[in-house]
Structure formats: C-alpha cells, structure tokens
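Heads up: the structure comes next, in structure tokens.
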Amino acid sequence: MRGEKMDDLKILENKKILVVDDEPDVLETVRELLDVCQVDTAPDFETAEKLLGENTYDMAILDIMGVRGHDLLAVANKTKTPALMFTAHALNPEAFVKSMEGGAKAYIPKEKIAEIGTYVADLLRAQEAGIKKPGGWFVGLKSLFEKQFGTGWLDQYKEAREKYDWLDFDE
C-alpha cells in the first residue's frame, strides 16, 4: 500500500474487503491501493449481493450510482458488513443523508480515492474500539462538503441527524 502510515498498513493487512463499482478503472485502482487486503470486486448489484451472501467481509466499499448502492447498503447491513459509501455522481446532501440514515459508516467522495486506505483503516480501528458511529472521516472532509454543499448545509438535517445519531464527532 503506497503512502500509508504504518498503523494503517498493519490494520489493513489481510482484511477482506468488497469493492463495488460499475467503473472497471475504479475497481482496479482501489484493488491496487488496498494491496495488503484481500479484495473482491463486483461491477454490479447482483454480483455484489451474491458475494455478500457467500462471504464475510471486514468492510464493503460501495459506489452509489450504477450499482444500486443504497440497496446494497441494506444487504450489507443484513450481513453485518460495515459499509463505506464511495461516490462521485451522487455527491450531494440528499445522498449523504440517505447513506447515513441507511447505516453507512462513512460517505467518501471519489476524488479522495488516493486516501481510501486511510479511511478504511480509520473505520476498522473505530470498529475494533467499539465505536458505533465513527466521525473522524467527517471532520477531515467537512470543509470539502461545505464547499460542495454550502456553508451550514448540515444544519438543515439537524433533526434527522439527532434521530438517527449519524456521527460521533465534535463540530
């Protein structure tokens, strides 16, 4: 794994990860970036659903568009597979909220693909520590989301955020 911290490398070693995306280049890039992991890939909903039913994964990385990512999130939840939503086209507040309400552990823009190992490692560390709603990933992306969605965008989702207890972070 290139450019990652030793702590990240250690926690990622031999973890089983499912990556679902309809873009072959994204699947290959994530596979290369997570080369210390055992990575399965799926180009569509049906293949991913089958793999989730047959295997146990430490984490699923799910695109939203083109693979029915929110439907896959529900399948991942049923199989108790923590999921990270990974998107470019569905990078908007509504998809963010739907992902978090659906049980995603994180919502990462594809433009951060080079850092995917760090995000997965952080989520796995939080999981091992028993943190149900890790928010460290959000703190690092808050300014990007504010630039993309507008300053104060999260305020309009305060009620839903409290109801679903999305994240554990300090604002």
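Which of rounded, prolate or oblate describes region 85-163 when judged by the alpha-carbon gyration tensor and an a/c cut-off of 1.5? Please list the in-between numbers first.
Values: a/c = 1.79, a/b = 1.21, b/c = 1.48.
The shape class here is oblate.
Can you give me the relative contact order of the chain as a percent, contacts being Cα pairs under 8 Å and 6 or more apart?
Working: 253 pairs, mean separation 32.7, N = 171.
Reported relative contact order: 19 percent.
Sort 101-111, 131-141 by packing, meaning the average of other beta carbons within 10 Å per residue, with the highest value first. All intermediate terms of the calculation are to be shown ahead of the outcome.
On the way: 101-111: 20.0, 131-141: 16.5.
Order by mean packing, descending: 101-111, 131-141.
What are the ³J(HN,Hα) couplings of region 130-147, residue after residue, when phi is run through the Karplus curve with 6.51, -1.76, 1.60 and θ = phi - 60°? Round to Hz, x for glycine and proline.
With coefficients 6.51, -1.76 and 1.60, one gets x, 7, 6, 10, x, x, x, 4, 5, 4, x, 9, 3, 5, 5, 5, 5, 5 Hz.
At a Cα cut-off below 14 Å, give the aspartates and glutamates reachable from Lys112, other chains included and same-chain residues fewer than 8 away excluded.
Answer for Lys112, where 14 Å is the Cα cut-off: Glu4, Asp63, listed by chain and number.
With Kirkwood's inverse mean 1/r over C-alpha pairs for Rh, give me the Rg to Rh ratio of region 6-164, two decimals please.
Details: Rg = 14.7 Å, Rh = 15.7 Å.
Answer for region 6-164: 0.94.
Points 7 angstrom from Cα along the Cβ direction at Glu162 and Thr47: gap in nanometres?
4.5
Coordinate-derived values only; no laboratory data. Just so we're clear, the structure is a prediction, and the values are computed from it rather than from any experiment. So basically every Cβ, Gly included, is an ideal-geometry build from the backbone, and we count neighbours across all protein chains shown.
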